[in-house]
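See structure below.
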Amino acid sequence: MKKQLIFLLAAVTVIVFSCQKELSFEGSNQPAQGSLQSDGLGDCLPKTVNGTYTAGIELIPATNTLSVQVNVTRTGNYTVTTDTVNGYYFRATGIFTTLGINNITLRGYGTPFASGTNNFVVKFDSSVCDIQVTVTQPGVGTLAGAPGACAPIAVNGNYAPGATMAATNTAIVAINVTTGGNLNIRTDTVAGIWFSYSGNFGVGSNQSVTLQAQGSIPSTETAGPKLFTVKLGSSTCTFTVIVATPSAGTVNCTGAIPMGLYMAGVAMEASDTVRISVNVTTAGSYTITTDTLDSPTDGFWFSASGVFTATGNTTVTLVGHGTPHTANTYTFTVKYGSSTCTFTCTVVPTDYFPRTTNSNWSYEFDDDANDSLLRYVKNIPPLSAGGNNFTIFMQNSGTGEDTSGYYRRNSGDYSEWFDVGGFLSYDNPLWGEYIFLKDNVPAGTVWKSSGFAGTITIPPAPAQNVKTRISSKILQKDVPIAVNASTGNITYQNVIVVEEKIELEVAPGIWQDMTAILDQYAVSYYARGKGLILAEVYNAAGVLQAGKQEIRRSYVY
């Protein structure tokens, strides 16, 4: 039997979100003030460690980083530091220009002496929090094909004069690991670029490793083969990259419409694209890119590279990169050689519960791939109720299309219009609205819905007048959460965890938590830019019950 979305006692999911504080600009001619965000045990929130840490290997500040959050109460210059542990430390400096929650990246310096788990104390203003970093023992291995040509070898991507390396520029080699642990593999720098990889490996032969290209090929670089030497410890092998002659032509942005939903603070994904027309006059390699907007050093842009094998008109898909920070409409300039054209892209405010037309989500229940639900937003007029307009969600569990909820957002408040009577088993329908998200409050905030009055009849007892309400609490804010569905394990970033319980008015103005009596409450998980990714029901003792709902995939437009 197909289930509906979990919502405590009934079939309608309570979609509740949390929030980022809205930030305001202030001056910076003074030391900043504020506090590091932490949980009840003193650990930093979010507690994010980036990069790999190996005994005896010097940290790379660009990749060995810690991510923490600061609640800024006064803008200005800041320094966030850790103590030095096991030979290395982390540090960040800059200027806070906005109040409220700010994300900070501390860069790592030094060389770990030994393997193990190191506890760092992060300090800002008068506040501290803890974060743990694990240092691994270095592994031992050799490159397949050493000391000659790497074997096997596969080189992917476009390499042309003036090209900046992207995710598609890779070289795949094989290694033989004799002692498990962290391995650092890197090439020399040739023609302005290099390839590298760092990670943990178990013992084994012919393990495939994808080296990522970095850097940019100078526009003055001559075309032809370029020999790279790969190094793993004392083991080396070589491979060749062909720098191709660049193509020529003109670009045309007529009809170029960005695909995807662009939200402030949400990083671009592979599905965020725009298609343009190109008239190729000379076949060869190409790199087409836009300017970077929103911020010259930390904004977002579009690009594509490859090889044109023929002349004439064709289309190219530019893929989005980076992160937009401010809601606005931006005009991008596409550049291909000396040819340019422009298109616009609109960035909307951050949203933990997207309601855009054609957005859709697929869910399964209790890890059963055959027990699934599709939820989506159709291009239909909104529902007008209670003096407001609500976006209509639809669903299909394999038995046909049906409505799945009515939602709206007003400034920092998200609301649902729903049948309270059906949800709480009242004798009669009772439609109403309640706020399921406030995006301008921090973790730990509790809010209550208005009271919903009705009658409940449980024979042979007569009808009873009751008044109930929903109590919501933000348990965690902007934390990573892994969802393990039948389609695989995916970790979602910036997730809000919300608890919901039912309360009963036992006397005028006096409310009682009904969790012990009902023996259940709900916990929902919402990822920024994605929506609901996980919903769970617990009994009063905090034990997870059957009916867990997990996301399998999402498309947000």
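In region 356-363 there is no residue that is in contact (Cβ under 8 Å) with a residue 12 or more places away in the chain, over 28 Å from GLY322 (Cβ atoms) and of a type in the set (Val, Ile, Thr). Among residues of region 467-502 being among the acidic types (Asp, Glu) and either surrounded by fewer than 18 Cβ atoms within 10 Å (Cβ to Cβ) or at pLDDT 90 or above (or both), the one that is nearest to the chain's Cα centre (by Cα) is GLU499.
When region 444-487 is filtered for residues that are in contact with a strand residue (DSSP E or B) (Cβ under 9 Å, 6 or more places away or on another chain) and free of Cβ contacts under 8 Å to residues at least 24 places away in the same chain, the ones remaining, listed by number, are SER449, SER450, ALA453, ILE458, GLN464, ASN465, ALA482. Considering (1) of a type outside the set (Gly, Ala, Ser); (2) within 29 Å of PHE300 (Cα to Cα); (3) surrounded by 12 or more Cβ atoms within 10 Å (Cβ to Cβ), the lone condition that PRO382 does not fulfil carries the number (2). For region 409-418, enumerate the residues that are surrounded by fewer than 22 Cβ atoms within 10 Å (Cβ to Cβ) and touching a residue at least 40 places away in the same chain (Cβ under 8 Å). Listed by number, the residues that qualify are ARG409, GLY412.
Among the criteria (1) under 28 Å from THR245 (Cβ atoms); (2) assigned to a strand (DSSP E or B), the one GLY141 does not fulfil is (1).
One residue stands out among those in region 441-450 that are surrounded by 15 or more Cβ atoms within 10 Å (Cβ to Cβ) and in a loop (DSSP other than H, G, I, E, B): the one that is modelled with the lowest pLDDT, which is VAL441. Among the residues here, ILE172 qualifies as farther than 30 Å from GLN69 by Cα, part of a strand (DSSP E or B) and modelled with pLDDT of 90 or more. Does GLY199 satisfy the criteria of being farther than 23 Å from PHE308 by Cβ, touching a residue at least 60 places away in the same chain (Cβ under 8 Å) and not in a strand (DSSP E or B)? For GLY199, the condition - farther than 23 Å from PHE308 by Cβ, touching a residue at least 60 places away in the same chain (Cβ under 8 Å) and not in a strand (DSSP E or B) - is not met. Picking from residues in region 125-141 that are over 30 Å from LEU232 (Cβ atoms) and touching a Gly at 6+ places or on another chain (Cβ under 7 Å), the one that is modelled with the lowest pLDDT is ASP125.
Does VAL155 count as in contact (Cβ under 8 Å) with a residue 60 or more places away in the chain, outside the structural domain of ASN494 (by TED's automatic domain parsing) and surrounded by fewer than 20 Cβ atoms within 10 Å (Cβ to Cβ)? Yes: the conditions hold for VAL155.
Of all the criteria given as (1) more than 23 Å from the chain's Cα centre (by Cα); (2) of a type in the set (D, E, K, R); (3) over 22 Å from VAL537 (Cβ atoms), the one not satisfied by LYS438 is (1). Looking across region 225-239, the residues that are surrounded by fewer than 18 Cβ atoms within 10 Å (Cβ to Cβ) and of a type in the set (Gly, Ala, Ser) come down to GLY233, SER234. When the test is whether a residue is touching a Phe, Trp or Tyr at 6+ places or on another chain (Cβ under 8 Å), of a type in the set (Val, Ile, Thr), crowded, with 20+ Cβ neighbours inside 10 Å and touching a residue at least 12 places away in the same chain (Cβ under 8 Å), VAL348 does not pass it. Looking at this structure, is ASN206 at positive phi, more than 28 Å from the chain's Cα centre (by Cα) and either loosely packed, with under 15 Cβ neighbours inside 10 Å or not assigned by TED's automatic domain parsing to the domain that holds GLY337 (or both)? Judged against the criteria, ASN206 is a match. The criterion of at least 2 residues that are of a type in the set (Phe, Trp, Tyr) and touching a strand residue (DSSP E or B) at 6+ places or on another chain (Cβ under 8 Å) is met, among strands (runs of 3 or more DSSP E) falling completely within region 53-130, by 88-96, 116-124. The residues on offer are THR134, THR93, THR170, and the sole one that is surrounded by 14 or more Cβ atoms within 10 Å (Cβ to Cβ), among the polar types (S, T, N, Q) and closer than 30 Å to ASN494 by Cβ is THR170.
Checked against (1) part of a strand (DSSP E or B); (2) within 24 Å of the chain's Cα centre (by Cα); (3) not assigned by TED's automatic domain parsing to the domain that holds THR287, TYR330 passes all but condition (3). Of the residues making up region 211-224, those that are assigned to a strand (DSSP E or B) and surrounded by 13 or more Cβ atoms within 10 Å (Cβ to Cβ) are LEU211, GLN212, ALA213, GLN214, GLY215, SER216. Out of the residues in region 105-124 that are surrounded by 17 or more Cβ atoms within 10 Å (Cβ to Cβ) and at pLDDT 90 or above, state the one that is farthest from GLN30 (Cα to Cα). Among them, the one singled out is PRO112.
Listed here are the residues, each with its yes/no results for (1) at pLDDT 95 or above; (2) among the basic types (Lys, Arg).
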position	(1), (2)
SER303	no, no
THR315	yes, no
THR323	no, no
CYS341	yes, no
VAL348	no, no
ASP371	no, no
LYS378	no, yes
GLY386	no, no
ASN389	yes, no
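The values are calculated or read from the model by the stated rules, or taken from the named source; none is laboratory data. Everything quoted here is computed from the prediction, not taken from an experiment. Note that we place each Cβ from the backbone using ideal geometry, even for glycine, and neighbour counts take in every protein chain shown.
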